[in-house]
1. From the phi of every residue in segment 154-168, what ³J(HN,Hα) in whole Hz does the Karplus formula 6.51 cos²θ - 1.76 cosθ + 1.60 yield, where θ is phi - 60° and glycine or proline is x?
2. Need one word for segment 141-223: rounded, prolate or oblate. Basis is the Cα gyration tensor (sqrt eigenvalues a ≥ b ≥ c); a/c below 1.5 gives rounded, then a/b vs b/c decides.
3. Please compute the net charge surrounding GLU147, taking Lys and Arg as +1 and Asp and Glu as -1 over other residues with Cβ under 14 Å from its Cβ.
4. For a quick check of your reading of the filter: which GluC sites (Glu not before Pro) in segment 57-105 sit in a DSSP loop and have no more than 16 other Cβ atoms within 10 Å?
5. Please give the peptides 237-246, 106-115, 174-183, 254-263 ranked by average Cβ packing (other Cβ atoms within 10 Å per residue), highest first, as a rough proxy for protection.
6. Rank by packing, highest mean first: peptides 136-148, 190-202, with packing defined as the count of other Cβ atoms within 10 Å averaged across residues.
7. Could you tell me how far the Cα centroid of segment 191-226 sits from the Cα centroid of segment 141-168, in Å?
8. Mind ordering 87-94, 264-271, 124-131 by average Cβ neighbours within 10 Å, highest first?
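Each reported figure results from applying straightforward, stated rules to the coordinates on display, with no laboratory input. What you are looking at is a predicted structure, and each value in this text was computed from that prediction instead of being measured. A quick note on method: Cβ atoms are made from the backbone with ideal geometry, for glycine too, and the neighbour counts reach across all protein chains shown.
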Amino acid sequence: MSADRTSAAPRRATAAALTGLLAAGLAVVLPATAAAGTGPSPVCTSEAHPETAERLDQRIRQEAALREGTIAVGVSAFEGDLVCELGADTRFDAASVGKVVVLGALLRTAMDEGRELTAREHELATDMITVSGNDSAVELRNQLGPERIQGFLDLAGMDDTQLHPEGYVGLMKINVGDQLTLLDVLGSDNDVLGADERAYARGLMGDVTEEQRWGVPTGAPSGAEVYLKNGWLPYDNTDTWRINSIGGFRDTPVGDYDVVVLTDGNDGMQYGVDTIGSVAVGVHSVLSGEGMSTLSQPPRTPEAVSDGSDRA
């Protein structure tokens, strides 16, 4: 892969952070000024598309308020002009979404060393992303070591992502802001990954096995190019799940955009998958202006078996 890169900064704009909890269990409340009667700070902001931002803001709040547990939502559209961050400061266990960080660190390491991925690295990366292989993630994590993985996070500007002290990929702490940054690194010109590396990562995420293509693709415009990674992880000896989904959408009627939905405290895996799906449908329908009849419908989740990333 080429080490050629551009000097353009990531496009994602910074949205105002919201903290605390809503009555429905969301990891968001209004800031002090809002509590004083001035109204809530916006979840979505946009200079060029304020009406779309307002509609999207209302839809995200509406969908999130209907669900129990903790939820955070991130959206970046119109080349970063429109940004939504509900629960911006809340950290979640990554589950298998964390494997995209390992992939980014692998690709950056190969760039720094001026080489292509080895056949073994390609095999491991493919298994880690397309079928969420944990053994492959462990081998790549051990090969890279924490310093290289942290180095990738630092270069990407993912300052709020925290690696697990014992290296467990699924237990690294993430938030919606850093996940939008990660998707931006994979989707636009930047100094972190070159064009070939970005295309390679998107290619793997676009080839995720069919039974793992639930989550943020739900309701995506038909014909859009979709690349994603999901995570599904229960707490030990419970049916309470952490369910996460991140994805990029290219060649849609409104251009390229990214969506992140992170959840915790779900009563069963299906509940978390349905929560993400309901939010995703709302986001896609507002951005595309299309009704449900013209939006794609990914399959329902497979059997509720842990992704095992808390052991990887």
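1. 3J(HN,Hα) across segment 154-168, in whole Hz: 5, 4, 6, x, 8, 6, 9, 8, 10, 5, 6, x, 9, x, 5.
2. Working: a/c = 1.75, a/b = 1.41, b/c = 1.24.
Since a/c reaches 1.5 and a/b is larger than b/c, the shape of segment 141-223 is classed as prolate.
3. Values: positive: ARG108, ARG141, ARG148; negative: ASP112, ASP154.
Neighbourhood net charge equals +1.
4. Working: sites: GLU63, GLU68, GLU79, GLU85; in loops: GLU68, GLU79.
Answer in residue order: GLU68, GLU79.
5. Working: 237-246: 22.0, 106-115: 17.3, 174-183: 27.4, 254-263: 24.8.
For the peptides 237-246, 106-115, 174-183, 254-263, the packing ranking is 174-183, 254-263, 237-246, 106-115.
6. Details: 136-148: 17.5, 190-202: 19.8.
By packing density, highest mean first, the sequence is 190-202, 136-148.
7. Distance between centres, Cα-based: 22 Å.
8. Values: 87-94: 23.6, 264-271: 18.6, 124-131: 20.8.
Most protected by this proxy first, the peptides run 87-94, 124-131, 264-271.
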